[in-house]
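Engineer: Provided herewith is a single structure, encoded as structure tokens, for subsequent inquiry.
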Amino acid sequence: MSRCIQIATEEWSFPASNGEGEIFARAWLPPEPKAVVQIAHGMSEHSGRYDEFARYLCGLGFAVVANDHAGHGLSAQGHLGSFSGKAGGFDCAVEDLSNLFTLAEKNLGISILPRVLFGQSMGSLMAALYAERYDDLSALILSATPSAIQYSKVFQFLAAVIATTRGQLARSPLLERLTGSVKNMSEEEKMQARSWLTRDEDKIREFNSDKLCGFDYSAGGYLALLKAYHHVNAKNWGQQIPNVPVLIVAGSADPTSGNGKGPMHFTEQLTKTGHKQVELRLFNHARHELINELNHQEIYTFLGNWINQQVTHWGRGK
């Protein structure tokens, strides 16, 4: 159970690693934080949607930070749906996660608290890449990790052709149709099309009415995302990850994670590469956005307890 404490909220900005403007970030700060938890949001959304979850974690004594990835939310940089106007934008977005940890520690006046990274869906791919490139995490949480994407190599090829011939910011009706665009749908049709997000229909309505959510990606955006997806799904990926505690969570009824197949794949991959602290938890009947599910309080409690356990062990010199 979270404590009744005073939570300070702040908004920060810092130079984007892609060199194309600023990255907008939010912070939820308790009086005396015992860890810094960073949330990496998913595709076609923004950090503001994690306010309730962040406040819960903050009530447990964790400082929580989250940015809007480049090309998203208040970090749109004039190209919503593209990580950059040039190639390499996804890598820059991963670097932005590192820079936000550094900024948080600077603004909090600390440098020795454990770092925990929580990645949702697309954000879990960023978090996986982060763990591969930066050996500074105390714990890693991968939520709603994507399962096998049918014809993903074909999608990547089409996106590469369009991005190469027409530019990273080029839009493609074909790619949008193939990836499930809801353009020109009625509200009722959008509700049905996005029912995979959560069983909570109010949360789907909130998503549909949020002007910073639900947008299509550019060819370069899809290309960057698919390249990251294939990299993380490579057989040798687990060998690059430090042996830190890893929690993999998903809904058992989330079609984008193969109803649990994607998370199970990542769990097996890490176990086979010698990781001793890997835990998988599938929540029965839950769909894609666990923190927005009907049983979100149960999920909050589970995640908060797991993080607290890792932080306690870290404090003992783990």
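The values are calculated or read from the model by the stated rules, or taken from the named source; none is laboratory data. Computed from a predicted model, the values in this text were never measured in an experiment. Please note: Cβ atoms are built from the backbone with ideal geometry, for glycine as well, and neighbour counts cover all protein chains shown. The protein model used for the area step is the full one, side chains on, heavy atoms only, and it has no ligands, DNA or RNA in it. Shrake-Rupley method; radii C 1.70, N 1.55, O 1.52, S 1.80 Å.
Engineer: Of the residues that make up the stretch 14-26, is at least one out of contact with any strand residue (DSSP E or B) (no Cβ under 8 Å at 6 or more places or on another chain) and aliphatic (A, V, I, L, M)?
Structural biologist: So far as the stretch 14-26 goes, no, none of its residues is out of contact with any strand residue (DSSP E or B) (no Cβ under 8 Å at 6 or more places or on another chain) and aliphatic (A, V, I, L, M).
Engineer: Ok, one more. Tell me yes or no: at least one residue of the stretch 11-29 is farther than 21 Å from S98 by Cβ and either open to solvent by less than 20 Å² (accessible area, probe 1.4 Å) or of a type outside the set (K, R) (or both).
Structural biologist: No - not one qualifying residue is present in the stretch 11-29.
This table checks each residue for (1) of a type in the set (V, I, T); (2) crowded, with 18+ Cβ neighbours inside 10 Å; (3) assigned to a helix (DSSP H, G or I).
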| site | (1), (2), (3) |
| --- | --- |
| L223 | no, yes, yes |
| L226 | no, yes, yes |
| G258 | no, no, yes |
| K276 | no, no, no |
| L280 | no, yes, no |
| L303 | no, yes, yes |
| T312 | yes, no, yes |
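Engineer: Can you name every residue in the stretch 162-174 that is touching a residue at least 24 places away in the same chain (Cβ under 8 Å) and farther than 14 Å from K86 by Cβ?
Structural biologist: Answer for the stretch 162-174, where residues must be touching a residue at least 24 places away in the same chain (Cβ under 8 Å) and farther than 14 Å from K86 by Cβ: I162, R171, S172.
Engineer: Here's another thing I want to ask about it. Within the stretch 98-117, identify whether any single residue is at pLDDT 95 or above, open to solvent by 10 Å² or more (accessible area, probe 1.4 Å) and either part of a strand (DSSP E or B) or closer than 21 Å to Y217 by Cβ (or both), and answer yes or no.
Structural biologist: yes
Engineer: For the stretch 1-29, enumerate the residues that are modelled with pLDDT of 95 or more, more than 19 Å from the chain's Cα centre (by Cα) and not in a strand (DSSP E or B).
Structural biologist: Once the filter is applied, which keeps residues that are modelled with pLDDT of 95 or more, more than 19 Å from the chain's Cα centre (by Cα) and not in a strand (DSSP E or B), the stretch 1-29 yields G19, E20, G21.
Engineer: Separate question: Being aliphatic (A, V, I, L, M) and open to solvent by less than 10 Å² (accessible area, probe 1.4 Å) is the filter here, so list the residues in the stretch 242-256 that pass it.
Structural biologist: V246, L247, I248, V249, A250
Engineer: Under 24 Å from I204 (Cα atoms), hydroxyl-bearing (S, T, Y) and at pLDDT below 95: is that true of S257 in this structure?
Structural biologist: Working: under 24 Å from I204 (Cα atoms): yes; hydroxyl-bearing (S, T, Y): yes; at pLDDT below 95: yes.
Yes, satisfied.
Engineer: Looking at the structure I just gave you, is Q269 touching a Gly at 6+ places or on another chain (Cβ under 6 Å), over 14 Å from R199 (Cα atoms) and surrounded by 18 or more Cβ atoms within 10 Å (Cβ to Cβ)?
Structural biologist: yes
Engineer: Quick one: which of L137, L142 is crowded, with 24+ Cβ neighbours inside 10 Å, modelled with pLDDT of 95 or more and not in a helix (DSSP H, G or I)?
Structural biologist: After ruling out the rest, the residue left standing is L142.
Engineer: Follow-up. Which of the residues belonging to the stretch 194-214 are of a type in the set (A, V, I, L, M, F, W, C) and either open to solvent by 70 Å² or more (accessible area, probe 1.4 Å) or modelled with pLDDT under 95 (or both)?
Structural biologist: Going residue by residue through the stretch 194-214, those that are of a type in the set (A, V, I, L, M, F, W, C) are 196-197, 204, 207, 212-213.
Residue satisfying the conditions is W196 alone.
Engineer: Being modelled with pLDDT of 95 or more and either under 26 Å from P255 (Cβ atoms) or exposed (fewer than 14 other Cβ atoms within 10 Å of the Cβ) (or both) is true for just one of A127, A170. Which residue is that?
Structural biologist: The match here is A127.
Engineer: Across the stretch 238-256, which residue is farthest from I307 (Cα to Cα) among those that are part of a strand (DSSP E or B) and of a type in the set (A, V, I, L, M)?
Structural biologist: A250
Engineer: Take the stretch 32-86 and flag every residue that is open to solvent by 10 Å² or more (accessible area, probe 1.4 Å), in a helix (DSSP H, G or I) and small (G, A, S).
Structural biologist: If the condition is that a residue be open to solvent by 10 Å² or more (accessible area, probe 1.4 Å), in a helix (DSSP H, G or I) and small (G, A, S), then G48 is the only one that fits.
Engineer: Right, another one. Which residues, taken from the stretch 153-167, are polar (S, T, N, Q) and surrounded by 15 or more Cβ atoms within 10 Å (Cβ to Cβ)?
Structural biologist: Q156
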